[in-house]
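A short write-up of the structure that comes next.
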There are 2 protein chains.
Amino acid sequence: MQEILNIFKALSEETRLRILKLLENGELCVCDIVAALDTIQPKVSFHLSTLKEAGLIKDRKQGKWVHYSIHDSDIFRRFLLLSVLERISPETILEDSNRLRVFLKEKNQKSPIVAIDNRAVCCPR
Amino acid sequence: MQEILNIFKALSEETRLRILKLLENGELCVCDIVAALDTIQPKVSFHLSTLKEAGLIKDRKQGKWVHYSIHDSDIFRRFLLLSVLERISPETILEDSNRLRVFLKEKNQKSPIVAIDNRAVCCPR
DNA sequence: CTTACATATAAATATTATTTTATATTAAAC
DNA sequence: GTTTAATATAAAATAATATTTATATGTAAG
């Protein structure tokens, strides 16, 4: 029962749903999410670890950066995530995505390597 | 976003999952649930109201009694409930169902009106 | 109309989760 | 190797939830 409880607990907090919604379009590193949510970094790290613990996201380490993305592990989680993300309209996180866009654009100018998805590559190589 | 949060919050607590699992086989009145969970009545009422608030269960008043049952309102909730209940094995709530069985049997002897589902009718009419 | 029963609600308390602040870790840049 | 940047973790403060205890409400029975 603990496993399913962890999944629902992870999904029962607004910040975490906003993070998931942001990750819908691809992976982001912690600093991207911090910028998008306009909040402080330890808070984001806390929620990311909750989501990861529940098996909803995964991380990929690359140098100093840690990139998080949706982890479509088993069918149940995949289905849950799909239906959840579908039920959160883009307008709900409009401010988040605006801030993210601005942040990524700036990053892009400093290190103009563009990846798929019109997203900047997080970290210069 | 608040609606979906309420649904997940409702599903992120063990007592409430146990109640939902008990309701899987049909409606129960509050005192049945109290007996099954071997706990106190205000606690059960509290959790029932949370579940009802989230639209996961509904109530039916009959005299002094209030019967609760799963509310398969919209597709999302229905699907959620289905997959949740499926993922909670009967063994998980074995003690609960044992206590429920004993309690219903006793009730049955006092007022031997048997309803569908081999469950006693909660209250004499 | 008084009593007893089923449930709900309120208030007080306890528990758990989140947020903040401060600090540690790790890796790249200098 | 020292500094800087990105992230994580620990400790403390705060906020949110759940539990308990006490009481209220409504309904049927006597």
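The values are calculated or read from the model by the stated rules, or taken from the named source; none is laboratory data. Predicted model, so just to flag it, every value in this text is computed and none were measured. Quick reminder, even Gly has a Cβ in these numbers, built from the backbone with ideal geometry, and neighbours come from all protein chains shown. All accessible areas refer to the heavy atoms of the entire protein, side chains included, with ligands and DNA or RNA removed. Shrake-Rupley method; radii C 1.70, N 1.55, O 1.52, S 1.80 Å.
Among the residues of segment A:65-88, those identified as at pLDDT 95 or above and hydroxyl-bearing (Ser, Thr, Tyr) are A:68, A:69. Quick one: is residue B:49 within 11 Å of DNA strand C (Cβ to nearest atom) and over 15 Å from residue B:4 (Cα atoms)? Here the answer is yes, as residue B:49 does meet what is asked. It is to be established whether one or more residues within segment B:25-37 are β-branched (Val, Ile, Thr) and in contact with a Cys (Cβ under 9 Å, 6 or more places away or on another chain). No, there is no match, as no residue in segment B:25-37 is β-branched (Val, Ile, Thr) and in contact with a Cys (Cβ under 9 Å, 6 or more places away or on another chain). The lone criterion from (1) more than 10 Å from DNA strand D (Cβ to nearest atom); (2) modelled with pLDDT of 95 or more left unmet by residue B:50 is number (1). Only a single criterion out of (1) assigned to a strand (DSSP E or B); (2) within 14 Å of chain A (Cβ to nearest Cβ) is not satisfied by residue B:61, namely (2). Per this entry, residue B:32 is not counted among residues that are away from chain A (no Cβ under 14 Å) and open to solvent by 30 Å² or more (accessible area, probe 1.4 Å).
When B:21, B:43, B:9 are screened for being part of a helix (DSSP H, G or I), in contact (Cβ under 8 Å) with a residue 24 or more places away in the chain and loosely packed, with under 14 Cβ neighbours inside 10 Å, only B:43 passes. Within segment B:69-91, the set of residues being away from DNA strand D (no atom under 16 Å from the Cβ) and buried (at least 16 other Cβ atoms within 10 Å of the Cβ) comprises B:70, B:71, B:76, B:77, B:80, B:81, B:88. Taking (1) open to solvent by 20 Å² or more (accessible area, probe 1.4 Å); (2) modelled with pLDDT under 95 in turn, residue A:27 satisfies each apart from (2).
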